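The values are calculated or read from the model by the stated rules, or taken from the named source; none is laboratory data. What you see is a predicted model, and the numbers here were worked out from it, not measured in a lab. Cβ placement follows ideal geometry from the backbone for every residue including glycine, while neighbour counts extend to all protein chains displayed.
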Amino acid sequence: MFKLKKMTYLVDKENTQKEEDNMADICSCCGRKIPFFDAEFEYIKIKDETYKVCTECNRKMNACSSGDISVEEVISAATHEKLADYLRNFKSKAQIDNEVNSIMVTSGYNFEGYRIIKYCDYISAETVFGMGMFKSLLASISSVVGAESEAFNNKIKEAKARAVYEIRKNALELGANAIIGIDIDFSMIAGEMVVIIASGTAVVIEKI
Ligand SMILES: [Zn+2]
């Protein structure tokens, strides 16, 4: 009986080893085998294809996206071509923010010292926030005082900034570098949600 048990154990061990070999994938970035026990590997989806990268490469990619190391330090000769392209074109959040915030914005229809060379499109962006805790406060608007009204104003301010960020991003995607006639509207849906809509015309301007 004991002998049989021992044999079962041996067979199991063999199967486990085989499973490990089957599940061990190749890292699409460094080309090394990803160990079975590597828990921090990552799947990177580019269009319809998924690439599996090992912990080390995953860490490098994160360091790259936060600007700590260059793309060249992440890509190796073994890096999958599409993954390499993706990494080369990858922009960090800070880079994107920089580009988005460089979009000039005015509620007027021109910028001093610049001329409009192209009108791209009329664009808009909206943000929504739930009334939640403010709902009861607004029922009797006169009771919205002090810290409470400050919290509400901050929430509006934050949502407004987000709407402006989004509309700038839309302008950037159109190849524009400025927005004229920007307007911000508020509306409330069924007393539950506040919608903030930023709209304007995306244009390309150049210095005179
Ligand atoms: Zn790797």
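Kindly list the number of the only condition in (1) closer than 23 Å to Glu42 by Cβ; (2) touching a residue at least 40 places away in the same chain (Cβ under 8 Å); (3) exposed (fewer than 11 other Cβ atoms within 10 Å of the Cβ) that fails for Tyr86.
(3)
Quick one: would you say Thr55 is among the β-branched types (Val, Ile, Thr), within 14 Å of the ligand (Cβ to nearest atom) and modelled with pLDDT of 85 or more?
So Thr55 passes the test.
Identify all residues within segment 161-207 that are assigned to a loop (DSSP other than H, G, I, E, B) and touching a residue at least 12 places away in the same chain (Cβ under 8 Å); write none if there are none.
Leu174, Gly175, Ala176, Asn177, Gly191, Glu192
Would you please list the contacts, defined by Cβ atoms under 6 Å and residues six or more apart or on different chains, that run from a residue in segment 58-73 that is away from the ligand (no atom under 15 Å from the Cβ) to a residue that is in a loop (DSSP other than H, G, I, E, B)?
Ser65/Ser92; Gly67/Ser92
Every residue in segment 9-28 that is modelled with pLDDT of 55 or more and away from the ligand (no atom under 11 Å from the Cβ), please. Write out each step before concluding.
Of all residues in segment 9-28, those modelled with pLDDT of 55 or more come to 24-28.
Within segment 9-28, just Ala24 meets the criteria.
Quick one: how many residues across segment 34-46 are touching a Lys or Arg at 6+ places or on another chain (Cβ under 9 Å) and either in contact (Cβ under 8 Å) with a residue 24 or more places away in the chain or among the hydrophobic types (A, V, I, L, M, F, W, C) (or both)?
4
Please verify whether Ala84 is within 15 Å of the ligand (Cβ to nearest atom) and over 18 Å from the mean Cα position of the chain (by Cα), treating the condition exactly as stated.
Answer is yes for this residue.
Based on this model, can you work out whether Gly31 counts as more than 9 Å from the ligand (Cβ to nearest atom) and in contact (Cβ under 8 Å) with a residue 24 or more places away in the chain?
no
Out of the residues in segment 97-126 that are in a helix (DSSP H, G or I) and without any contact (Cβ under 8 Å) to a residue 60 or more places away in the chain, state the one that is surrounded by the most Cβ atoms within 10 Å (Cβ to Cβ).
Asp97
Checking Glu40 against (1) surrounded by 11 or more Cβ atoms within 10 Å (Cβ to Cβ); (2) more than 10 Å from the ligand (Cβ to nearest atom); (3) over 30 Å from Ala161 (Cβ atoms): exactly one of these is not met. Which one?
(1)
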